[in-house]
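Chemist: Sharing a structure with you now.
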Ligand SMILES: C[S@@+](CC[C@H](N)C(=O)[O-])C[C@H]1O[C@@H](n2cnc3c(N)ncnc32)[C@H](O)[C@@H]1O
């Protein structure tokens, strides 16, 4: 999918400087001029109402105590008939303590 933003841009948002840096590097490697990244909170998106066609959300709900605030924000910014795609890890059984205590495995 190429057109996500209101002007054909693909917008990326994260509250982490290191993830934004990584995303910018990957974006410039692609050589696309329509990819923009913003620092911000998913609970308070810096976007107009009904201003985007689709949102792709990867891995921000599981660890976020304010997750309930993100759903209405997504509903606010995605235009009617648009789409929200969410990727999350769902654990079907308790994880061993060594996995639970390792940050490395949180994002495996
Ligand atoms: C699993 S990583 C996904 C990173 C990248 N978007 C990707 O798809 O590869 C989840 C990202 O969500 C960011 N994040 C978590 N909660 C957030 C929030 N409330 N607002 C903005 N970013 C958040 C984290 O900083 C982290 O970089």
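Chemist: Normalise the Debye intensity by I(0) for region 14-61, one equal point scatterer per Cα, no solvent, then take log10 at q = 0.14, 0.22, 0.28 Å⁻¹ and round to two decimals.
Modeler: -0.41, -0.99, -1.27
Chemist: Determine one quarter of the surface area of the Cα convex hull of the chain, which equals its mean projected area, and express it in nm² to one decimal.
Modeler: Average projection, Cα convex hull of the chain: 8.1 nm².
Chemist: Over region 41-108, what is the mean sequence separation of C-alpha contacts under 8 Å (at least six apart), divided by residue count, expressed as relative contact order in percent?
Modeler: Across region 41-108, relative contact order equals 38 percent.
Chemist: Between 0 and 90 degrees, rounded to the nearest ten: what's the tilt of helix 17-30 against the longest Cα principal axis of the chain?
Modeler: Between helix and principal axis, roughly 50 degrees.
Chemist: Ok, one more. For the chain, what does -39500 (n - 2.57) per DSSP helix run (n ≥ 4), summed and divided by total residues, give at 222 nm, in deg cm²/dmol to the nearest 500?
Modeler: Here the helix-only value at 222 nm equals -7000 deg cm²/dmol.
Chemist: For 49, 14, 41, which order do you get if you count the other beta carbons within 10 Å of each Cβ and list the fewest first?
Modeler: Going from least to most buried by this count: 49, 41, 14.
Just so you know, all these numbers are worked out from the coordinates, no wet-lab data involved. These numbers come from a predicted model, not from an experiment. No Cβ is skipped: glycine too gets one built from the backbone with ideal geometry, and neighbour counts run over all protein chains shown.
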